[in-house]
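What follows draws every value from the coordinates through simple rules; no lab data is involved. Predicted, not measured: the structure shown is a model, and the values here were computed from it. Neighbour counts are summed over all protein chains in view; Cβ atoms, including those assigned to glycine, are modelled from backbone coordinates with ideal geometry.
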Amino acid sequence: MVFTMGVKKSAQIAPPEGSGGRVGVGKLALAGWAVFLVLALWSGTGWSASPSPKEANPAREFQEAVLALKNGFPSMAYNLFRRLAEKGDPRSQYLVGRMLEDGLGVARDPMQAAPWYRKAAQQDHVEAQARLGFLYLGGTTVPQDDAESLKWFQTAAEKGGHPVAQAYLCSLYAEGKSVQANQKLSMDWCRKAAEQGVAAAQTMLGFHYALGRGSPPDPVAARKWFELAARQGHAQASKALAEMDRGESHNPGNTMPESVTQPVEKTESVTAPMPRMWE
């Protein structure tokens, strides 16, 4: 389809009253340029709304979709990402999943998000792998499947170094959920995530040291990690520090608080915020 801007002679613009017959040429010119820019942004190829196969440029189309999303045109962005996703682009497949799950630029449909995440995850998209791990762990939009959750968290953590996937492995091994409890392995995953700045992992690592789970007790190391997490606003870390200052033992039973071993989606999101999804 080709856009044309021809104007019939009969469709003349009448000058406003009191203008002496003069038309605001500057305003009309600006309006014309605005139309041109909108059409150019949509098509990516000037006047052509559907570029021919020879003109297709996936990298450019992806950037156009990003630009549309950044500038407040989510529906346009979704359509562009969807077109690229259907061609097999893993970044676009992940983004289509996120937009479907969040209802951004398209009607919210979390059930349809998972297949797009899987397509991207099978092409080694780390964010999609971590997202699948969380979805299968929660069992809200897909049937709960601990084995699938562990599989995708491990893939994202081991191959992609995804920090929050590492934090979830720390949690799973600490509490023995879907895997045999292994405090040493939990501590190793906690450290990897904590060193990347995940506050929940820093707190869990602090408790490993404080309670001597996975290593001999080390109150100095425990305080270090609690302080790092507390600086990020982690309430459980702040509470643990206050107890240490009072000389109290947080947990005489030598077990971690349940709230610590369950990273919260709202505060420790598996996926990056929308503005960073394409980076």
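Worth pointing out:
- Residue pairs, from the table Lys87/Lys151; Lys159/Lys239; Lys70/Lys177; Lys87/Lys192, whose Cα atoms sit over 31 Å apart: Lys159/Lys239; Lys70/Lys177; Lys87/Lys192
- Centre separation in Å (Cα based) which lies between segment 178-225 and segment 132-171: 19
- Sites Ala59 and Glu195, calculated FRET efficiency, Cβ-Cβ separation with R0 35 Å, nearest 0.05: 0.60
- Vicinal HN-Hα couplings computed from phi for segment 119-129 (Karplus, 6.51 cos²θ - 1.76 cosθ + 1.60; Hz; Gly/Pro x): 4, 5, 4, 5, 9, 6, 7, 5, 4, 5, 4
- Fully extended contour minus Cα-Cα distance, from Asp102 to Asn79, at 0.36 nm per residue: 6.8 nm
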